[in-house]
Amino acid sequence: MKIDLLDCCARHPAARSTAPDALRRLNLHISQGEQLAVIGPSGAGKTTLLHLLACALAPSGGELRLDQKNPWSLPRARLHRLRGALFLAPQVPPLPPRQRVVTAVLAGRLPHIGLWQSLRSLVYPTHMAQAEAALGHFDLADKLFERVDRLSGGERQRVGLARALLAQASLILVDEPLSALDPTRASQAICALTQAARERGASLVTTLHHVDMALAHFPRIIGLRDGELVFDLPSSQVTPERLRTLYAQHLDELSAAPPLASFDSAAPVVAMQCR
Ligand SMILES: Nc1ncnc2c1ncn2[C@@H]1O[C@H](COP(=O)(O)OP(=O)(O)OP(=O)(O)O)[C@@H](O)[C@H]1O
Ligand SMILES: [Mg+2]
């Protein structure tokens, strides 16, 4: 999906009327099939940006265009259909506690199947092989019939990501997918997401606190701070100096990245790649 943000502003619905916009006059162009990571300190507006792109939040100024159409000017039925082509994986996936993992993962398909099939799949899950394969990418194939409330936080997070693999979306938005994962699983999860998006030609926008992961796995990096675009660069051009400016006064948030000493040189940061 092609995305254009034109002087876009946005604010959380619960924000005080006196609070500044969470996103301020943002201009971005994202081509179909592009993969990018959004980084920046806490409160920079990363989640707000994903909600805006997911059409969960209307811009408070400027314009959002998805495939050259302003979604908020579409009739309700078409907006609903458009939302079916967008998949947002929130940081904490909303999984009903007593649900089986298989059902939770297959929920990724719901926007693309009819009502009758949706209801039927709640009782008799179909496409189990697909669910198992998706879970396999996250080392969770053995949890297919486990109840969601019997999983650890990291396992639940990975179930939410496995769901993204089943969504037939043309824009995949993932909020902090690695917050509860160990380094090996984090790398595995990012590889699965980027590969799945590439295979289906979907655009992928991920917010990440793990700067090293962002630089290693995404060709384009957006740096946000106080709702404003600080940089929009190929990852090879994101230097330690630029990172220091982005995180100024929040350098502790770079703890997931390589040690701060390594930000002393002007060289780009490099980390491991998918196999
Ligand atoms: N629940 C809320 N109620 C009111 N205002 C909010 C709420 N959530 C976010 N905001 C406002 O929106 C701004 C941007 O928040 P957002 O969640 O987009 O930041 P973020 O970059 O995702 O931060 P984090 O890295 O901590 O997840 C915040 O600084 C805050 O002013
Ligand atoms: Mg956030």
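Each reported figure results from applying straightforward, stated rules to the coordinates on display, with no laboratory input. Everything numeric in this text was worked out from a predicted model, so none of it was measured. So basically every Cβ, Gly included, is an ideal-geometry build from the backbone, and we count neighbours across all protein chains shown.
Values for this structure:
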{"item": "All strands (runs of 3 or more DSSP E) inside the stretch 1-99 with 3 or more residues being within 30 Å of Leu181 (Cα to Cα), more than 16 Å from ligand 2 (Cβ to nearest atom) and more than 15 Å from the chain's Cα centre (by Cα)", "result": "none"}
{"item": "Residues within the stretch 221-246 that are under 18 Å from the mean Cα position of the chain (by Cα) and farther than 25 Å from Pro20 by Cβ, tallied", "result": "1"}
{"item": "All positions within the stretch 41-58 that are in contact with a helix residue (DSSP H, G or I) (Cβ under 6 Å, 6 or more places away or on another chain) and either within 12 Å of ligand 1 (Cβ to nearest atom) or of a type in the set (S, T, N, Q) (or both)", "result": "Pro41, Leu57"}
{"item": "Enumerated strands (runs of 3 or more DSSP E) restricted to the stretch 186-248, each holding at least 1 residues that are more than 30 Å from Gly136 (Cα to Cα)", "result": "220-225, 228-234"}
{"item": "Residue in the stretch 160-180 that is nearest to Pro41 (Cα to Cα), counting only those that are in a loop (DSSP other than H, G, I, E, B) and within 16 Å of ligand 1 (Cβ to nearest atom)", "result": "Glu176"}
{"item": "Leading residue by the ranking (nearest to Thr206 (Cα to Cα)) among those in the stretch 10-23 that are surrounded by fewer than 18 Cβ atoms within 10 Å (Cβ to Cβ) and not polar (S, T, N, Q)", "result": "His12"}
{"item": "Residue match in the stretch 177-187 (condition: touching a residue at least 60 places away in the same chain (Cβ under 8 Å) and surrounded by fewer than 18 Cβ atoms within 10 Å (Cβ to Cβ))", "result": "yes"}
{"item": "Qualifying residue in the stretch 195-202 (condition: surrounded by fewer than 24 Cβ atoms within 10 Å (Cβ to Cβ), farther than 20 Å from Val105 by Cβ and over 13 Å from the mean Cα position of the chain (by Cα))", "result": "yes"}
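The rows are residues; the columns are (1) surrounded by fewer than 18 Cβ atoms within 10 Å (Cβ to Cβ); (2) within 16 Å of ligand 1 (Cβ to nearest atom).
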site	(1), (2)
Met1	no, no
Cys8	no, yes
Arg25	yes, yes
Ser31	yes, no
Glu34	no, no
Ser60	yes, yes
Ser73	yes, no
Arg81	yes, no
